[in-house]
Structures are given as C-alpha cells and as structure tokens.
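Inspection log for the structure reproduced underneath, given as structure tokens.
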C-alpha cells in the first residue's frame with residue numbers, strides 16, 4: 001500500500017484529494033496548520049488509513065517528519081483565494097507561498113536521498129497562463145509568453161521552476177498539475193478574509209461561483225457582476241480534479257511531465273450567473289445584471305488544452321456545470337445559515 005503525504009490537506013482541493021486517495025486504497029498523511037479556515041472536520045478524519053498532523057509547511061523539519069515512510073508527496077499547501085484575494089494579499093501570496101515551496105522541496109530532497117520518497121506532485125495553477133494571448137493554453141505555453149503579472153500567478157510559475165530545478169540538480173522526479181477553476185463544496189469564509197461589499201451583499205474574498213450563489217440566494221436584484229460578464233472560464237468539479245491528481249501518482253508516463261486538469265467546456269461569467277439563477281428560481285424571470293468595476297487581475301479568457309492529460313493520464317472531467325451547481329447550491333444555502341460563507 002503506497003503512503004502519500006498531502007500538504008494543505010484541510011484546504012478546499014486538499015479535502016477532495018485525500019478522499020480520493022483513501023477511496024483508491026492509499027495510506028494518507030495530511031499536513032495542515034488550519035491557517036485558512038481554522039479547525040475543520042472531514043468525513044475521512046477517522047479513517048484507519050488516514051493520519052493528520054497539525055503543522056506548518058513553511059518549516060522543513062515539520063514536512064520532513066511528516067514524510068516518514070511516504071512514497072509520494074502531493075505539494076498542495078499554499079495561500080489561495082479568489083480574485084480580490086490576489087489584490088488584498090499580494091505580498092503574502094508571494095512570500096508565504098515561496099517559503100512553503102522551498103521548505104517542501106528541502107524536505108523532499110532529504111527523503112528522496114534517503115531512498116524512501118519516489119516522486120513529488122506539485123499543484124500549480126491555471127494562473128501561470130495569465131499573460132497568454134493564444135487559446136487554448138497548451139502545456140509549455142507558460143514559457144512562451146511574458147510571466148504572470150499577479151504575484152499569485154508569478155509564484156505558481158515559480159513552483160514549476162522549483163520542480164524542474166530539483167530534478168535538474170538532484171534528479172528528484174516530479175509531476176506538475178494545473179487545476180482550472182475548481183468548483184465544489186467545502187470552500188468557506190477564511191480566517192483572514194476581509195468582507196467587501198457588492199451592492200447590498202457583503203462577501204468574503206472567495207471565488208466567482210460561491211459569490212454569485214450567495215448573492216442570488218440572498219435575493220440580490222439586479223445581480224451585480226464584475227465587468228460585463230464576458231470573461232471565459234472552464235469550471236471543473238473538485239472530485240474530477242482529485243481523480244486526475246491521483247491518476248498521475250503511479251503513472252510512469254507522468255514522471256517529469258506537466259498537465260492541465262480541467263473540463264474543456266467554456267462558460268462566460270454571464271452564462272454562469274444565468275445557470276445559477278435558473279437553478280435557484282426555476283426560470284430567468286426577473287434576471288438582470290449590473291456591472292461592477294473589474295479587478296486588475298481579472299483574466300478575461302482562461303481556456304486549457306486538455307489533450308495531454310486525456311492521452312497520457314486517461315483523464316477527462318466528466319461532471320457538468322449544472323451537476324456541480326446542484327451539489328454546491330444546497331451546500332452554500334446551509335453554509336449561509338451557519339455563517340460559514
């Protein structure tokens with residue numbers, strides 16, 4: 001039975017990854033310092049094959065100890081949030097995440113040289129393609145265009161350089177995975193979130209799907225959106241992303257490769273808003289929007305090429321956007337009642 005360390009295991013994507021690993025028979029160690037949401041409970045907390053360690057991934061010794069007897073490391077710990085998060089914590093996103101990835105690589109190198117660790121799987125981001133001018137974005141395009149202008153996007157590109165540098169100098173095998181616009185349950189108000197006003201609704205610094213769902217559930221009319229709603233995204237279910245991540249672990253063809261993990265279906269923010277409205281109200285009666293000034297780093301188009309992941313990993317994101325919303329909307333409704341979002 002392979003043993004895997006997941007850093008950032010208490011996070012939004014981390015929760016999906018741990019559940020998928022356990023469902024596939026892995027032994028799992030989770031490392032998190034609860035810095036984002038505070039103490040959270042998960043359905044798998046009592047699983048006999050799961051061990052949780054509360055600790056800070058910025059500390060190499062903590063990561064090293066957590067890696068004991070682990071074959072694989074999924075480096076997922078990071079400060080991460082929605083578009084307003086990029087602006088509010090511009091320095092922290094760079095400095096904190098850089099300390100995390102450096103400490104992670106230091107610990108991984110030590111365990112690899114001792115002979116226990118086989119590979120590091122790095123979770124990057126679609127934001128490495130922030131400055132691209134051609135779509136769909138293919139693996140390798142991140143090196144053909146100017147680097148990202150947001151500190152978050154720049155740091156995620158740095159993660160990929162860490163991965164390749166650790167291989168170039170010390171031959172530590174890697175896989176780089178880039179999730180695109182993850183949607184799912186479990187994303188809630190963070191401890192560091194600063195509420196911002198959008199019309200008559202106060203929002204924590206989250207992502208577009210939970211923010212729009214919250215506004216619509218609270219009856220905001222007209223619905224306020226950033227810009228004119230023409231921004232294009234590919235929304236990918238957290239469970240699908242977790243499948244893709246886990247499928248890459250033991251696949252020899254994934255070694256020293258990078259993959260976009262996403263649906264290929266494109267949706268504008270306006271189309272997304274209409275879908276959520278229809279799910280909540282049953283029709284588009286009374287639907288109208290009001291535009292707000294967009295943020296500086298609100299990328300207008302983010303479309304991945306997914307052929308490589310499909311060909312090598314056999315990965316295909318199968319959950320439709322409507323299917324995601326039918327799971328997410330009831331969860332957010334309950335989270336609003338409990339003041340979690």
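The values are calculated or read from the model by the stated rules, or taken from the named source; none is laboratory data. Here the structure is a predicted model, which means the values were calculated and not measured. Positions of Cβ are generated from backbone atoms using ideal geometry, with glycine treated the same way; all protein chains shown enter the neighbour counts.
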Residues of the range 53-67 satisfying the condition of being surrounded by fewer than 18 Cβ atoms within 10 Å (Cβ to Cβ) and in contact (Cβ under 8 Å) with a residue 40 or more places away in the chain: 59, 61
Residue match in the range 279-298 (condition: modelled with pLDDT of 95 or more, in contact with a strand residue (DSSP E or B) (Cβ under 6 Å, 6 or more places away or on another chain) and part of a helix (DSSP H, G or I)): no
Residue match in the range 95-104 (condition: farther than 18 Å from residue 36 by Cα, assigned by TED's automatic domain parsing to the domain that holds residue 21 and surrounded by fewer than 23 Cβ atoms within 10 Å (Cβ to Cβ)): yes
So residue 313, is it modelled with pLDDT of 95 or more, surrounded by 15 or more Cβ atoms within 10 Å (Cβ to Cβ), on the phi < 0 side of the Ramachandran plot and under 21 Å from the mean Cα position of the chain (by Cα): yes
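Being in the same structural domain as residue 248 (by TED's automatic domain parsing) and either under 25 Å from residue 161 (Cβ atoms) or free of Cβ contacts under 8 Å to residues at least 24 places away in the same chain (or both): is that true of residue 29 here?
Numbers: in the same structural domain as residue 248 (by TED's automatic domain parsing): yes; either under 25 Å from residue 161 (Cβ atoms) or free of Cβ contacts under 8 Å to residues at least 24 places away in the same chain (or both): no.
The answer is no for residue 29.
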Matching residues in the range 252-276 - criterion: being farther than 21 Å from residue 82 by Cα, touching a residue at least 24 places away in the same chain (Cβ under 8 Å) and outside any loop (DSSP other than H, G, I, E, B): 253, 254, 257, 258, 259
Count - residues of the range 135-163 that are modelled with pLDDT of 95 or more, surrounded by fewer than 15 Cβ atoms within 10 Å (Cβ to Cβ) and out of contact with any helix residue (DSSP H, G or I) (no Cβ under 7 Å at 6 or more places or on another chain): 5
Residue 122 vs. criteria part of a strand (DSSP E or B), buried (at least 23 other Cβ atoms within 10 Å of the Cβ) and within 19 Å of the chain's Cα centre (by Cα): yes
Selection status of residue 86, more than 25 Å from residue 166 (Cβ to Cβ), touching a helix residue (DSSP H, G or I) at 6+ places or on another chain (Cβ under 7 Å), surrounded by 21 or more Cβ atoms within 10 Å (Cβ to Cβ) and touching a residue at least 60 places away in the same chain (Cβ under 8 Å): yes
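For residue 331, state whether it is more than 24 Å from residue 122 (Cβ to Cβ) and in contact with a helix residue (DSSP H, G or I) (Cβ under 6 Å, 6 or more places away or on another chain). Lay out the reasoning, then the answer.
Working: more than 24 Å from residue 122 (Cβ to Cβ): yes; in contact with a helix residue (DSSP H, G or I) (Cβ under 6 Å, 6 or more places away or on another chain): no.
No: the conditions fail for residue 331.
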